[in-house]
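Heads up, the thing below is written out as structure tokens.
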Amino acid sequence: MAIATSIKFGKQAVLLGDGATSEVFTAPCGITSLTKSTNVEVSETQIPDCDDPDALSQVVIDEIARSKTLSGSGTLSTEALDTWRDWDDAGGEKNVRWFTDLSAGDGGGHYQGAGILTSFEETGERGGRWQVSFEIRISGPFPFTAAS
């Protein structure tokens with residue numbers, strides 16, 4: 001039996017662009033949970049049987065729209081505090097990447113596109129550390145570029 005090669009958590013990251021002309025992307029420190037999800041909106045149409053109008057129709061599904069969301073949570077680090085709060089206060093789009101740190105041919109590379117911070121939450125409890133959770137919705141295309 002062969003064991004599947006898996007990807008360790010540290011090999012995936014959400015990277016936020018700094019908006020500079022020669023944009024630099026960095027991962028906010030403290031993130032311990034990440035999710036990339038795709039939502040597809042569809043239209044359903046019932047297609048009748050031409051030979052037997054009383055037979056059950058078949059449902060066909062057409063894709064209408066596709067969107068991607070990046071979300072995560074973790075410890076609110078002081079190193080990332082200004083980045084999160086600035087984006088939370090200013091709003092707007094920021095270039096983001098979903099990065100996979102693997103070699104070319106093994107699935108490495110990144111998705112990149114404009115994202116909007118649609119949810120940001122800081123939480124804490126007495127005796128613990130402040131936590132952060134976020135959701136970034138991608139606005140427009142989010143193409144993948146393979147590692148070279």
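Please work out the Cα center distance from region 90-107 to region 41-85, rounded to the nearest Å.
Rounded to whole Å, the Cα centres lie 21 Å apart.
(i) 10, 31, 27, 15, 10, 6, 2, 0; (ii) 9, 18, 20, 18, 13, 11, 7, 3, 2, 0; (iii) 10, 39, 34, 15, 2: which one is P(r) over Cα pairs in 10 Å bins from 0, in percent as calculated from this entry?
Correct label is (i).
List the longest stretch of the chain that has no exposed loop site; here a site is one of the trypsin sites (Lys or Arg not before Pro) assigned by DSSP to anything other than H, G, I, E or B, with at most 15 other Cβ within 10 Å.
9-125
Shape of region 1-43 from its Cα gyration tensor (a ≥ b ≥ c, root eigenvalues): rounded if a/c is under 1.5, otherwise prolate when a/b > b/c, or oblate?
oblate
Exactly which GluC sites (Glu not before Pro) in region 1-57 are in a DSSP loop and have at most 15 other Cβ atoms within 10 Å?
In loop regions of region 1-57 (DSSP not H, G, I, E or B), the sparsely surrounded GluC sites (Glu not before Pro) are 23.
If I build a Gaussian network model for the chain, linking alpha-carbon pairs within less than 10 angstrom, which residue out of 45, 100, 75 has the largest mean-square fluctuation?
Per the Cα network of the chain with a 10 Å cutoff, 45 tops the list.
Helix 78-90: angle to the longest alpha-carbon principal axis of the chain, degrees 0 to 90, nearest 10?
Long axis of 78-90 versus the principal axis of the chain: about 60 degrees.
Place a point 7 Å from Cα of residue 60 in the direction of its Cβ. Which residues in region 23-47 have their backbone N less than 13 Å from it?
Flagged as within label range: 43-47.
Could you work out [θ]222 nm for the chain from helices alone, using -39500 (n - 2.57) per DSSP H run of at least four and dividing by all its residues? Round to the nearest 500 deg cm²/dmol.
Calculated mean residue ellipticity at 222 nm is -3000 deg cm²/dmol.
Please go through region 113-148 and write out the GluC sites (Glu not before Pro) that DSSP classes as loop and that have at most 10 other C-beta atoms within 10 Å.
For GluC sites (Glu not before Pro) across region 113-148 that sit outside H, G, I, E and B with at most 10 neighbouring Cβ atoms in 10 Å, the list reads 125.
Values in this text are rule-based calculations from the coordinates and carry no lab data. Computed from a prediction, not measured in an experiment: that's the story for all the values here. Backbone-built Cβ (ideal geometry, glycine too); neighbour counts: all protein chains shown.
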